[in-house]
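Let me begin by presenting the structure, written as structure tokens, before commenting on it.
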RNA sequence: CGGGGCGUGGCUCAGAGGUCCAGAGCGCCUGGUUCGGGACCAGGAGGUCGGAGGUUCAAAUCCUCUCGCCCCGACCA
């Protein structure tokens, strides 16, 4: 491709969004263009990278036994009513009506459509397992789009749905997908972590999250460098900590006028925040629960929901708090609650003696509270959010918190959707059974961003060969120079037959061409400049900056050998 | 949805009631020079200052409302 006839509108100045390197470089390099918050056009270069990523994903899905289809983005409401997600998915679901007033949504995921398809087409265990997938545009009305392609309102996802006879079959399908995901990420040259995570609105019993570690990622990951334990922070566990157990003293009440925050109370009583216990009230599937964590910690709602088996966990509102405690917000405690409340105590708190809690009375706190003595314990669990420095639950060494981009998430769904939507097959023994499902999402457009995030330097992008928009760029230094032009043209036609080549034949000054080449980040660069007089051109590797003068007649051989070399890295 | 910030030629921004108030640099067009790291000279095109309303003799500039975008948080495959 001749750059003079291509469409790669690079920017000279940095776009204002400079916080996330991948977004800045994709915009500056003419890869993508924003048309609204979280909505992007892929320009030719970006689309080229996208297609390469998509193709790797497709190849690995097919290799793992997936069968490609294409489901519609526009979904009728009735299907979503069947799964109940028309109401439970929340405001992220884009809803719309057709001209007759019939309700539709723009699908954010395709469990419903795939179940509808399979319950129609698959009647016998003989047809199982079935793994169907598509690569398609998804819509989510994100409250806050961010990072360009990283969190968009419209994005492309590969989603595969597995249908099996039983749990054992599901395990096999799940494992196939796990391996396929690892192969994909390796081919993309992306470092990744496989995390245990929470399921979110998709549901399911067991999930793994594939996360690319990068400082600008928006997900927090708890990581143990010594044993490799890795988990999404929202549900990460922590080992046992030595706590200051305190002494068993009698319960007392103190006047704490207007002091509602941990900080206010602890400084007023001159105690450390680790000696106060926060009582957080929640409604779990309509039932009240109290969660107790140390004052210097945060509660993990994910873990709490997991331990109490709650589907919908919501912080109690002001009114509910008054009803349960008889006091306004800020004075809640586990002692003398007005109603029967399920009390979940963090494993650290249960060891503590003589702590401070709210007194369930306006302007009062209790001191000397002892769990078990002064209030009943319904459940002891690890419900506090992990902080960096906490001990690893597996090996006890120190946990770290890093950031990452979640690029894939795979779920063992079980029979939830099949049962809700009436999707049954006949098993060998003649009985009707619900399909046992799994679903496996991979953010294709997000992978483009993640790749840019990992593969760049201060001058621009440095694509790995597997996703680069072109293999090699020819830089014609002086387009006015007849000899340079002829030689560049020759190399262009010669190399084009063995690799994909972008030829910068523009009448631009050398500086512009070099800057653009580095910015765009094509792996190999061939510079046709003044050394042609000596029969030499220069070939260089974008990423490492290594550079060699090569005789004209050797350029093809050299380009190929360098290509093989960087491809193997 | 809370908090903060920003909307002025294609891009990055300056201008904070009037008279150099519609500007600069980059980009773009014409002509010429140049050609190994975002060249130079000359000429030129291009904006109802996000929108609506208001204050004023006078509004990019002050006020109100509104829309959009960015960042932090809440939320979230």
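What to note about this one:
- Odd one out for residue A:400 among (1) surrounded by fewer than 19 Cβ atoms within 10 Å (Cβ to Cβ); (2) not in a strand (DSSP E or B): (2)
- Some residue of region A:1-13 being within 24 Å of the chain's Cα centre (by Cα), within 16 Å of RNA strand B (Cβ to nearest atom) and under 26 Å from residue A:217 (Cα atoms): no
- Across region A:425-453, the number of residues qualifying as more than 15 Å from RNA strand B (Cβ to nearest atom) and under 15 Å from the mean Cα position of the chain (by Cα) comes to 1.
- Whenever a residue of region A:392-406 is closer than 15 Å to residue A:22 by Cβ, its partners that are part of a loop (DSSP other than H, G, I, E, B) and at pLDDT 90 or above, lying with C-beta atoms within less than 7 angstrom and at least six residues away or across chains, give the pairs A:403/A:214; A:404/A:214; A:405/A:150; A:405/A:214.
- For region A:217-269, filtering for residues that are within 25 Å of residue A:330 (Cα to Cα) and within 18 Å of the chain's Cα centre (by Cα) leaves 1.
Table: residues versus (1) in the same structural domain as residue A:58 (by TED's automatic domain parsing); (2) in contact (Cβ under 8 Å) with a residue 40 or more places away in the chain; (3) touching a strand residue (DSSP E or B) at 6+ places or on another chain (Cβ under 9 Å).
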residue	(1), (2), (3)
A:121	yes, no, yes
A:135	yes, yes, yes
A:142	yes, yes, yes
A:147	yes, yes, yes
A:179	yes, yes, no
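- Selection of first residues in region A:471-496 that are farther than 17 Å from residue A:525 by Cβ and of second residues that are at pLDDT 95 or above, restricted to Cβ pairs under 6 Å at least 6 apart or on distinct chains, gives the following pairs, ordered by first then second residue: A:483/A:532.
- The single residue among A:553, A:508, A:564, A:557 that is away from RNA strand B (no atom under 11 Å from the Cβ) and within 27 Å of residue A:46 (Cβ to Cβ) turns out to be A:564.
One line per residue, one yes/no per condition, for (1) within 39 Å of the chain's Cα centre (by Cα); (2) within 16 Å of RNA strand B (Cβ to nearest atom):
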| residue | (1), (2) |
| --- | --- |
| A:348 | yes, no |
| A:361 | no, no |
| A:372 | no, no |
| A:381 | yes, no |
| A:385 | yes, yes |
| A:403 | yes, yes |
| A:406 | yes, yes |
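- Looking across region A:219-274 at every residue that is under 30 Å from residue A:446 (Cβ atoms) and touching a helix residue (DSSP H, G or I) at 6+ places or on another chain (Cβ under 6 Å), the one that is surrounded by the fewest Cβ atoms within 10 Å (Cβ to Cβ) is identified as A:234.
- Counting only helices (runs of 4 or more DSSP H) that sit wholly inside region A:1-99, those with at least 1 residues that are under 30 Å from residue A:128 (Cβ atoms) and touching a helix residue (DSSP H, G or I) at 6+ places or on another chain (Cβ under 6 Å) are A:44-63, A:77-82, A:85-88.
- Enumeration of residues in region A:122-155 that are in a strand (DSSP E or B), more than 8 Å from RNA strand B (Cβ to nearest atom) and touching a helix residue (DSSP H, G or I) at 6+ places or on another chain (Cβ under 8 Å): A:130, A:131, A:132, A:133, A:135
- Residue match in region A:413-424 (condition: assigned by TED's automatic domain parsing to the domain that holds residue A:157, within 16 Å of residue A:109 (Cβ to Cβ), part of a strand (DSSP E or B) and within 21 Å of the chain's Cα centre (by Cα)): yes
- Flag for residue A:467 being in contact with a helix residue (DSSP H, G or I) (Cβ under 7 Å, 6 or more places away or on another chain), under 30 Å from residue A:131 (Cβ atoms) and more than 16 Å from RNA strand B (Cβ to nearest atom): yes
- A count restricted to region A:216-233 and to residues that are within 16 Å of RNA strand B (Cβ to nearest atom) and either free of Cβ contacts under 8 Å to residues at least 12 places away in the same chain or not in a strand (DSSP E or B) (or both) stands at 4.
- Taken together, A:116, A:209 contain a single residue that is outside the structural domain of residue A:419 (by TED's automatic domain parsing) and within 25 Å of residue A:80 (Cβ to Cβ), which is A:209.
- Among the residues of region A:491-504, not one is surrounded by 13 or more Cβ atoms within 10 Å (Cβ to Cβ) and either more than 22 Å from residue A:541 (Cβ to Cβ) or within 8 Å of RNA strand B (Cβ to nearest atom) (or both).
- Residue A:334 part of a loop (DSSP other than H, G, I, E, B), surrounded by 17 or more Cβ atoms within 10 Å (Cβ to Cβ) and either modelled with pLDDT under 90 or touching a strand residue (DSSP E or B) at 6+ places or on another chain (Cβ under 6 Å) (or both): yes
- Answer from A:473, A:522 - the residue that is surrounded by 14 or more Cβ atoms within 10 Å (Cβ to Cβ), under 23 Å from residue A:189 (Cβ atoms), modelled with pLDDT of 95 or more and within 12 Å of RNA strand B (Cβ to nearest atom): A:473
- Checking each residue in region A:205-215 for being outside any strand (DSSP E or B) and out of contact with any helix residue (DSSP H, G or I) (no Cβ under 6 Å at 6 or more places or on another chain) picks out A:205, A:215.
- Number of the condition not met by residue A:35 [criteria: (1) without any contact (Cβ under 8 Å) to a residue 24 or more places away in the chain; (2) buried (at least 18 other Cβ atoms within 10 Å of the Cβ); (3) farther than 22 Å from residue A:517 by Cα]: (2)
- Residue among A:208, A:170, A:160, A:185 that is at pLDDT 95 or above, crowded, with 17+ Cβ neighbours inside 10 Å, within 15 Å of RNA strand B (Cβ to nearest atom) and under 30 Å from residue A:425 (Cα atoms): A:160
- Positions within region A:530-550 being within 10 Å of RNA strand B (Cβ to nearest atom), over 30 Å from residue A:448 (Cα atoms) and either in the same structural domain as residue A:12 (by TED's automatic domain parsing) or in contact with a strand residue (DSSP E or B) (Cβ under 7 Å, 6 or more places away or on another chain) (or both), in sequence order: A:531, A:536, A:537, A:549
The values are calculated or read from the model by the stated rules, or taken from the named source; none is laboratory data. This is a predicted model, so every value here is computed, not measured. When we count neighbours, we look across all protein chains shown, and the Cβ atoms used for this are built from the backbone with ideal geometry, even at glycine.
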